[in-house]
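Presented below is the structure to which this report refers.
Quick note: the coordinates plus some simple rules give every number you see, no bench work behind them. Please read all numbers here as calculations on a predicted model, not as lab measurements. Positions of Cβ are generated from backbone atoms using ideal geometry, with glycine treated the same way; all protein chains shown enter the neighbour counts.
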Amino acid sequence: MEIESYEKSGKIVSKVRDDASKLIKDGLAIIDLVEFVESEIIKAGAGIAFPCNVSVNEITAHYTSPLNDENIISGGDLVKLDLGAEIDGYIGDSAVTIISEGDSDLNDDEIAKNENLIEASDLALETAISTIKEGMEIGHIGCEVEKVITELGFVPIRNLSGHSLQQWNLHSGLSIPSVASNDSIKLKEGDVLAIEPFVTDGDGYVDDANSTNIFKFEKIRPFRQTYTKKVLNNIKTNYPHLPFSSRWLTKEFSPNRLNNTLRELSQSMAIYPYHALIEKTGARVAQKEHTIIVEKEGCQITTK
Ligand code: CO
């Protein structure tokens, strides 16, 4: 049943999230964290809803390791861990921000700011969740979230939003911004939403960063080269609905040629490339996310 599958995937996400959070410390390779999360989701009997995102400091979202990623987490880093699991296509999506343990060269102000950013993202998510119920206007949720973040002296990321979920669909139409808007769409009982306020002390906008390691299948397009066709068919067979990482494809295709092919597929819109996102001014960002199901008088958090 639909709700049971959401509950099941939510429970798996929350357990893996909490276990993975404990590993975050100075010297940990990002790829080890990413692979731990992805393998634990599989071991728990779910599918991976999207490549595990580990976005550090000013990197805000959509970073996953490429093959042979050499990036290492340092002490004092603000690490956003965003993961998703699916049961029969019903997705749990949750994120948490952790301050990496270990020595750092941050001063006292910067250490305090890390903690305050995390607290603000916690409160922003709590606020959003406490306003959600059937009939609530989407614009009002953003208004309340923005108010809380601003009162704490921070800024919400304006060009990132929460999103509705449906079976096999990670972004199924509704956007839930963290700022006030005139959006008068009302939530309905049974709507499933991933709510994810991002908080910073920078400008509050993200830009594309260089790295692109997450993609989504769009449509079959004609290609002359057999290799290109082969890669696209593999993608269509294995990841027809949900995002995938280039890392996953390197089990079957050699990495050198693959990167060019993924670029070619992106340019012809056979696949969609998700760039890593970076805060415009290079300021640090914290994020917290839960998946919820809208109810008549409130909501059920599946990823608690
Ligand atoms: Co997420």
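Each residue in region 199-219 was checked for being more than 30 Å from Leu249 (Cα to Cα) and of a type outside the set (D, E, K, R), and 5 pass. For Ala44, the stated conditions do not hold, so it cannot be described as within 16 Å of the ligand (Cβ to nearest atom) and more than 26 Å from Thr281 (Cβ to Cβ). Screening Ile129 with (1) within 20 Å of the chain's Cα centre (by Cα); (2) surrounded by fewer than 23 Cβ atoms within 10 Å (Cβ to Cβ); (3) more than 19 Å from Cys299 (Cα to Cα) gives one miss only, at (3). Total residues in region 30-50 satisfying the condition of being touching a Leu at 6+ places or on another chain (Cβ under 9 Å) and free of Cβ contacts under 8 Å to residues at least 12 places away in the same chain: the figure is 1. Of all the listed residues (Tyr6, Tyr63), the sole one being closer than 17 Å to Ala276 by Cβ, within 16 Å of the ligand (Cβ to nearest atom) and touching a Ser or Thr at 6+ places or on another chain (Cβ under 7 Å) is Tyr63. Please find, within region 269-288, the residue that is nearest to the ligand (Cβ to nearest atom) out of those that are within 30 Å of Glu134 (Cβ to Cβ) and in contact with a Pro (Cβ under 8 Å, 6 or more places away or on another chain). Among those residues, the one meeting the criterion is Gln287.
Grab the helices (runs of 4 or more DSSP H) fully contained in region 192-268, keeping just those with 1 or more residues being away from the ligand (no atom under 16 Å from the Cβ) and under 21 Å from Gly89 (Cα atoms). First the steps, then the outcome.
Working: elements: 226-238, 246-249, 255-267.
Passing ranges, in order: 226-238, 246-249.
I'd like to check something: does region 105-119 contain any residue that is in contact with a Phe, Trp or Tyr (Cβ under 7 Å, 6 or more places away or on another chain) and more than 16 Å from the ligand (Cβ to nearest atom)? Let's see the steps before the verdict.
To start, the set of residues in region 105-119 that are in contact with a Phe, Trp or Tyr (Cβ under 7 Å, 6 or more places away or on another chain) comprises 117.
Add one more test, that the residue is more than 16 Å from the ligand (Cβ to nearest atom), and what stays is 117.
The answer is yes; a qualifying residue exists.
For region 274-303, the candidate set comprises residues that are of a type in the set (Lys, Arg) and in contact with a strand residue (DSSP E or B) (Cβ under 7 Å, 6 or more places away or on another chain); within that set, the residue that is nearest to Phe154 (Cα to Cα) is Arg284.
For Ile271, indicate whether it is aliphatic (A, V, I, L, M), free of Cβ contacts under 8 Å to residues at least 60 places away in the same chain and touching a strand residue (DSSP E or B) at 6+ places or on another chain (Cβ under 6 Å).
Values: aliphatic (A, V, I, L, M): yes; free of Cβ contacts under 8 Å to residues at least 60 places away in the same chain: yes; touching a strand residue (DSSP E or B) at 6+ places or on another chain (Cβ under 6 Å): yes.
Against the criterion (aliphatic (A, V, I, L, M), free of Cβ contacts under 8 Å to residues at least 60 places away in the same chain and touching a strand residue (DSSP E or B) at 6+ places or on another chain (Cβ under 6 Å)), Ile271 qualifies.
When every residue of region 176-184 is checked against the conditions, at least one turns out to be among the polar types (S, T, N, Q) and within 14 Å of the ligand (Cβ to nearest atom).
Can you name every residue in region 55-114 that is part of a strand (DSSP E or B), among the acidic types (Asp, Glu) and surrounded by fewer than 24 Cβ atoms within 10 Å (Cβ to Cβ)? If you could, list the steps in order and put the result at the bottom.
Residues of region 55-114 that are part of a strand (DSSP E or B), as a first pass: 55-56, 59-61, 72, 78-87, 90-99, 101.
Among the residues that remain, those that are also among the acidic types (Asp, Glu) are: 82, 86, 93, 101.
Within region 55-114, just Glu101 meets the criteria.
Pairing each residue of region 137-161 that is closer than 11 Å to Ile176 by Cα with any residue that is of a type in the set (Lys, Arg) and outside any helix (DSSP H, G or I), provided the two are 6+ apart or on different chains, yields C-beta distances under 8 Å for Glu137/Lys186; Ile138/Lys186. Annotation: of all residues in region 82-98 being out of contact with any Asp or Glu (no Cβ under 7 Å at 6 or more places or on another chain) and away from the ligand (no atom under 13 Å from the Cβ), the one that is farthest from Arg284 (Cα to Cα) is Asp88. If you go through region 185-229 and keep only what is in contact (Cβ under 8 Å) with a residue 12 or more places away in the chain and among the basic types (Lys, Arg), you end up with Lys186, Lys188, Lys216, Lys219, Arg221.
Restricting attention to region 30-50, the residues that are outside any helix (DSSP H, G or I) and either surrounded by 15 or more Cβ atoms within 10 Å (Cβ to Cβ) or in contact with a His (Cβ under 9 Å, 6 or more places away or on another chain) (or both) add up to 6.
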